[in-house]
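Heads up: the structure comes next, in structure tokens.
The values are calculated or read from the model by the stated rules, or taken from the named source; none is laboratory data. All values derive from a computational prediction rather than experimental measurement. As a convention, Cβ positions derive from the backbone with ideal geometry for all residues, glycine included, and neighbour counts pool all protein chains shown.
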């Protein structure tokens, strides 16, 4: 725990310094930023399977975001360092007014902590496997946790962001990633959407991602005003998940949602026809 806290403190100190250095920076003309991350890579040492069609999920999400006026960056199968570097660049350094973070792939919960699981080194994977074989939690192994991205690190990166409107979408097994504890002082709206345990990946893409995009492209527009906001998308997902998977299915029965501040407009449907 001490090592984990030390790593978190160092990370936050670096990011706080970066945020302070650009505190007076004004957003440029394109003030909507999005970072899309996919992790599909198999890891036999710790039992992570290959996840199909995540590249397709990223491509479809990118296409929609470009139509909504976002500047979009994508990372496929990155390690922890690359993810944090890009998050700092886009969320903290860019001066964006709106920031959207989308992740599809391996994730996990351990008690009150959620973790994104990027590509791991062989050393970390071996250490986690050895811990499991010894009857210990892999999350107690520092070599593993040093290469994961915890909910605390993710939430604090967002807290240091200059973006006053933030959206987080996680197509993975974690619910704790959707439970932020602290918010930036300048935050106007914050929306989290997490698939939760039993996230389903099919050959043509993730079910949660597919339903998010269907909702954003029209099916979540309950008011019929040609727009979809955060609460409309949540309502659509709660209805469409059991309808899609079957009401007797045990998969994705507990998606997680979190909203803070204004009910943000997520989609202007003018560029699209409802699907």
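Mind listing whichever residues of region 253-266 are assigned to a strand (DSSP E or B) and over 18 Å from the mean Cα position of the chain (by Cα)?
So in region 253-266, the residues assigned to a strand (DSSP E or B) come out as 256-261, 265-266.
Listed by number, the residues that qualify are 261, 265.
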Looking at region 61-115 only, could you name the residues that are without any contact (Cβ under 8 Å) to a residue 40 or more places away in the chain, assigned to a helix (DSSP H, G or I) and buried (at least 18 other Cβ atoms within 10 Å of the Cβ)?
65
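Return the residues of region 223-252 that are in contact with a helix residue (DSSP H, G or I) (Cβ under 8 Å, 6 or more places away or on another chain) and either modelled with pLDDT of 95 or more or surrounded by 13 or more Cβ atoms within 10 Å (Cβ to Cβ) (or both); say none if nothing qualifies.
As a first pass, look at region 223-252 and keep what is in contact with a helix residue (DSSP H, G or I) (Cβ under 8 Å, 6 or more places away or on another chain): 223, 228, 232-233, 236-237, 240-241, 244-245, 249, 251-252.
Listed by number, the residues that qualify are 228, 232, 233, 236, 237, 240, 241, 244, 245, 249, 251, 252.
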Report yes if some residue within region 27-41 is in a loop (DSSP other than H, G, I, E, B), at pLDDT below 85 and surrounded by 13 or more Cβ atoms within 10 Å (Cβ to Cβ); otherwise report no.
yes
Of the residues that make up region 126-146, is at least one closer than 30 Å to residue 97 by Cα and in contact (Cβ under 8 Å) with a residue 60 or more places away in the chain?
no
Could you tell me whether any residue of region 150-169 is at pLDDT below 90, assigned to a helix (DSSP H, G or I), closer than 17 Å to residue 47 by Cβ and out of contact with any strand residue (DSSP E or B) (no Cβ under 7 Å at 6 or more places or on another chain)?
no
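Report, by residue number, each residue of region 135-149 that is part of a helix (DSSP H, G or I) and either crowded, with 19+ Cβ neighbours inside 10 Å or at pLDDT below 85 (or both). Outline the logic, then answer.
If we filter region 135-149 for residues that are part of a helix (DSSP H, G or I), which is where we start, we get 138-140, 142-145.
Correct list: 138, 139, 140, 144, 145.
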